[in-house]
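Each remark here refers to the structure printed beneath this line.
The values are calculated or read from the model by the stated rules, or taken from the named source; none is laboratory data. Just so you know, these numbers come straight off a predicted model, no measurement behind them. Don't worry about glycine lacking a Cβ; one is built from the backbone with ideal geometry, like all the others, and counts go over all protein chains shown. Remember, those area values only see protein heavy atoms, side chains included, never the ligands or the DNA or RNA. Shrake-Rupley method; radii C 1.70, N 1.55, O 1.52, S 1.80 Å.
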Amino acid sequence: LFGWIDGEAVKSPTPADIDAACDFVRSLRDIARQDAADELPLAREACLSADELYRQIVGRRARLERETAFRGDLSEFLRDTFDNMLHVTWSKARAGLQGAGISPTEDLPVAHRTLSPSDFGFHNAVRGDDGALVFCDFEYFGWDDPVKLVADFVLHPGMALRVRLARRFEKQAAAIFADDPAFAARLRLLKPLYALRWALIVLNEFVPERWAQRAFAYGDRDRNAVLARQLGKAEGFVDLVKRENAA
């Protein structure tokens, strides 16, 4: 169950690394088709419907609301920027899903789900001495919509994938999950919402108890400087969604 991996962090992913990640996703899909996989639980914060994704975003937004009384910069971002973008994006996603014959409220059929690490990316990979990648950290592993796996992979702020690498991953993922006729439409319509979800995730440091959990990792860095950086990341995600909504 546990072992030591000699190697180094994946700092500059290559097209071959994207291919290796896709091979891993394909392996997970194949394992998901085995009978024993039925006994595995849902992944952490699984999103099996558009409504569940929206509910999680609203829940994260509510947890940040209490901090707006103490942080004017956070309040301005949430109320003047984020809230309107969420309203526009959610309305567009719901209309698009309904137009494509996809119910926003119904859970994804079991046949189209996959197994997911739920924190998948090169930030949780080690390049071994032989050059091969080893993926690790399956604390949140379980069943989920493959669209969430793909969206989180290409959006994860810990990787900042170049556009052509992100597109390479999405193209191969579409082939892996080609038996789901609605996969491409769900990814196109829901990825902006996942980006807004990430905009809130990177703001976790504004919540005192979350800051206390991360303070050791930040060392003696000034908290205000860290929060300003995280707010900049959140604004970047909103700008991404704005561009996609305008496309």
Protection proxy (average C-beta count within 10 Å per residue), highest first, orders 27-36, 78-87 as 78-87, 27-36
Given the candidates Ala184, Thr114, Trp90, the one whose Cα lies deepest towards the positive end of the charge dipole of the chain, counting +1 at each Lys or Arg C-beta and -1 at each Asp or Glu C-beta, is Trp90
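What ratio of Cα Rg to 2.2 N^0.38 Å holds for region 115-182? Walk me through the numbers on the way to the answer.
Details: Rg = 12.6 Å, N = 68, 2.2 N^0.38 = 10.9 Å.
Here the answer is 1.16, to two decimals.
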Scalar couplings 3J(HN,Hα) for region 72-82 by Karplus 6.51 cos²θ - 1.76 cosθ + 1.60 (θ = phi - 60°), nearest whole Hz, x for Gly and Pro, are x, 5, 5, 4, 5, 5, 5, 7, 9, 10, 5
Return the Cα extents of region 85-147 along principal axes one, two and three, sorted largest first, each rounded to a whole Å. 49, 30, 19
Pairwise label distance in nanometres, Gln98 with Glu65, each label 7 Å out on the Cα-Cβ vector: 2.5 nm
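On average, how much accessible surface per residue is there in region 93-233, in Å², for a 1.4 Å probe, leaving out ligands, DNA and RNA? Intermediate results must be reported in sequence, preceding the final value.
Working: 6440 Å² over 141 residues.
It amounts to 46 Å² per residue over region 93-233.
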Student exercise, region 52-142 dipole from Lys, Arg, Asp, Glu Cβ charges, in Debye to nearest 20: 400 debye
Please report, for the Cα atoms of region 89-206, the Rg to one decimal and the Dmax as a whole number; what are they, in angstrom? 15.2, 50
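Counting every Cα pair in the chain, what percent are over 21 Å apart?
61 percent
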Residue-wise HN-Hα coupling along region 159-164, computed from phi with Karplus coefficients 6.51, -1.76, 1.60 (Hz; x: Gly, Pro): 10, 6, 4, 5, 4, 5
Got a sec to turn the phi values of region 189-195 into Karplus ³J(HN,Hα) couplings, 6.51 cos²θ - 1.76 cosθ + 1.60 with θ = phi - 60°, whole Hz, x for Gly and Pro? 7, 9, 4, x, 5, 5, 5
Global geometry of region 33-159, whether rounded, prolate or oblate, following the gyration tensor of its Cα atoms and the 1.5 cut on a/c: oblate
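Can you bin region 165-212 into rounded, prolate or oblate? Criterion: square roots of the alpha carbon gyration tensor eigenvalues sorted a ≥ b ≥ c, rounded for a/c under 1.5, prolate for a/b above b/c, oblate for the rest. Present the calculation step by step, with values, prior to reporting the outcome.
Values: a/c = 3.57, a/b = 2.75, b/c = 1.30.
Here region 165-212 falls in the prolate category.
What's the Kirkwood radius of region 1-102 in Å, using all Cα pairs? Present the calculation step by step, with values, prior to reporting the outcome.
Working: mean 1/r = 0.0546 Å⁻¹.
It is 18.3 Å.
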Using a 1.4 Å probe on the protein chains only, how many percent of the accessible area of the chain belongs to carbon and sulfur? 53 percent
Inter-part distance where region 23-75 and region 156-170 are each reduced to a Cα centre, Å: 19 Å
Using the structure shown, list the pairs from Lys171/Lys242; Lys191/Lys242; Lys92/Lys242 with a Cα-Cα distance above 21 Å, or answer none. Lys171/Lys242
